[in-house]
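To keep things clear, I will list the structure first and then write my remarks on it.
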Amino acid sequence: MLSIELIRRDPDLVRQALESRGEQDPLAGLLDLDAQRRQAVAQGDELRAQRNQVSRQLGQERAAGREPPPEAMAEMRQVGDRIAELEQQVKELDEQLNQLLLGLPNIPLAEVPKGLDESHNVILRQWGEPLVRDFEPLPHWDLGERLGVIDFEKGVKLSGSRFYTMFGAGAKLERALISWMLDLHTLEHDYTEVMVPAVVKQETMEGSGNLPKFVDNLYHDEEDDLWLVPTAEVPITNLYRDDILAPGTLPLKYVAQTPCFRREKAAAGRDTRGIKRVHQFNKVEMYKLVEPDTSSEELEGLVADAEDVCKRLELPYRVIQLCTGDMGFASAMTYDIEVWSAGCAEWLEVSSCSNCTDFQARRSHLRYRPSPGARPQLLHTLNGSGLALPRVMIAILENCQRADGSVVIPQVLRPYTGFDEIPAPKTALSTK
RNA sequence: GGAGAGAUGGCUGAGCGGACGAAAGCGCCGGUCUCGAAAACCGGUAUACCUCCGUGGUAUCGUGGGUUCGAAUCCCACUCUCUCCGCCA
């Protein structure tokens, strides 16, 4: 959520910033509503002040043993009615104003490249080179099935399309990846591991901004009115909702592994093969709550932590800076990390690292006290995948496969998997 | 699922419908004292909004409604927490 004070003070700046993200006439009606609301609030406050004063006098009369004048009471009754009207008005204006404010995305930082679609994204750097092989690497949907580690039919049988099941070395490999990533981030990158619910209340979804705007992508349990999280970012953002963190508490750095649930309604028909886009997947998520001055620097650290995962797995990757029009709703600046995948021959997004500045903090009332006695301030939040599991699985299966179909486990994972390779399938492989 | 109790400031915990944004204690911050510290003593210590920026105004005692000139206090509904019983990984 954006600051109404900022919009009031510098509407042109906000308008231009939002237009650079592709929003059309983003501030329409907003300033007018705000003015109306403020007028109604001021008027109500004034009347309440009057009523409070008179009521106090009436109380004193009674305390002194005199009967208060009935006409004063009658007048105050009218004032009370008027106050109730104004309160109703303010409530309605608040709702309308909120509706508009909640629909506005974050303001991009100045250094974010301008552009309305992904063609304006900038490749910042690349690490490693896509391997050249003397055989044709299989895409994971073929390889995974032949190795007996990914079973698409079983997923469909149990849960429908875009669900899958993993067996044996595949299941173990994913578990190893999760453990290894959590250890890396906690032991070497200074994050605190946190285990959070994957099912949350409506308020929590609103706090992180997933509701009301992104209902379509969420699973909902009608009976208890609970929602399945699309990312650990949701519960973590809400951990300190409505709190004021004491001086010296920040920065807080968390890492969590949760299942993530996405209905993918908007992406119907895209990436239907394999496990690139599924309804349920595991993700290791990094999250930071920091002082505003430090958030830009912390974003660099965040991407570096995610990149470190790729490097240690020896997966070629590149870092993309998203342009204004391609960034997520809450983000002011985003880096994506894409890993090369030999089988499907494409760069796969495995991480998205964003500085959300005070956007989530304002909505969730995440504040901190800079020093003892100082006024509370909104903090800044950042989130980044570290990393999303299915796509890492794809990259490992596809990049580390040998001509015979066996898959070499990256060195760092071996202590976690207990095996060095996934042996070649028994059935002969065709390389076409 | 059944029965009961409760929800007040950072915490504990008072609060006959009128001077209550709220006693007291603890904690925290500042000061006095001290070579320094502890103790003791003194003072301060919620958040948000409005503002003609004034020792100014308004709101907030789980949430929402109601009664009243006036509600932390009375009434109604809801939510949540705790205890006991049952069931259960």
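Here, each number is a calculation from the coordinates, and none is a lab measurement. Note that the coordinates shown come from a computational prediction; the quantities given were computed from them, not determined experimentally. No Cβ is skipped: glycine too gets one built from the backbone with ideal geometry, and neighbour counts run over all protein chains shown.
Tell me the angle of helix A:168-183 to the major Cα principal axis of chain A, expressed in degrees between 0 and 90 and rounded to the nearest ten.
With rounding to tens, the tilt is 50 degrees.
Post the alpha-carbon centroid distance, the stretch A:128-159 to the stretch A:170-227, in whole angstrom.
If you average the Cα positions of each part, the centres end up 26 Å apart.
Order of A:ASP134, A:ASP308, A:ASP12 from fewest to most other C-beta atoms within 10 Å?
On the way: A:ASP134 5, A:ASP308 15, A:ASP12 8.
Lowest count first: A:ASP134, A:ASP12, A:ASP308.
Determine, for each peptide in A:251-261, A:99-109, the mean count of other beta carbons within 10 angstrom over its residues, then list the peptides with the highest first.
Working: A:251-261: 20.9, A:99-109: 18.5.
Put in order of decreasing packing, that is A:251-261, A:99-109.
About the Cα centre of the stretch A:57-152, what is the dipole size in debye to 20, counting +1 per Lys and Arg Cβ and -1 per Asp and Glu Cβ, all else neutral? List each step's numbers first, then the result.
On the way: 9 positive and 19 negative charges, 76 e Å.
Dipole about the Cα centre, nearest 20: 360 debye.
For the stretch A:39-128, report the % of Cα-Cα distances exceeding 22 Å. All intermediate terms of the calculation are to be shown ahead of the outcome.
Numbers: 2395 of 4005 pairs.
Cα-Cα pairs in the stretch A:39-128 separated by more than 22 Å: 60 percent.
Out of residues 5 or more away from A:GLU421 or on other chains, whose amide H comes under 5 Å of its own, with H placed 1.01 Å from N in the peptide plane?
A:ILE409
A:PHE419 to A:GLU136: extension gain in nm, 0.36 nm per residue of separation minus the Cα-Cα distance?
Numbers: separation 283, 0.36 × 283 = 101.88 nm, distance 2.48 nm.
Here the answer is 99.4 nm.
Could you compute the FRET efficiency for A:GLN43 and A:VAL199, with r as their C-beta to C-beta distance and R0 at 30 Å, rounded to 0.05?
Numbers: r = 44 Å, r/R0 = 1.46.
With a Förster radius of 30 Å, E is 0.10.
Listing A:MET1, A:MET195 from the residue with the fewest other Cβ atoms within 10 Å to the one with the most, what is the order?
Values: A:MET1 18, A:MET195 10.
Final ranking by Cβ density, sparse to dense: A:MET195, A:MET1.
Which distance in nm do the two modelled labels at A:THR294 and A:ALA403 give, with both placed 7 Å along the Cα-to-Cβ direction?
5.3
Under 24 Å Cα to Cα from A:LYS311, which lysines show up? Leave out anything in the same chain fewer than 8 places away.
A:LYS172, A:LYS253, A:LYS276, A:LYS283, A:LYS288
Trypsin sites (Lys or Arg not before Pro) within the stretch A:119-167: which are DSSP loop residues with at most 15 other Cβ atoms inside 10 Å?
Numbers: sites: A:ARG125, A:ARG133, A:ARG146, A:LYS154, A:LYS157, A:ARG162; in loops: A:ARG133, A:ARG162.
Those that pass, being in a loop and sparsely packed, are A:ARG133.
Less than 12 Å from a label point 7 Å out along the Cα-to-Cβ axis of A:GLN53: which backbone N atoms in the stretch A:73-89 qualify, by residue?
Taking a point 7 Å out along Cα→Cβ of A:GLN53, no residue of the stretch A:73-89 has its backbone N under 12 Å.
Round to the nearest 10 and give me the degree value, 0 to 90, for the angle of helix A:295-313's Cα axis relative to the longest principal axis of chain A.
On a 0 to 90 degree scale, this one is about 20.
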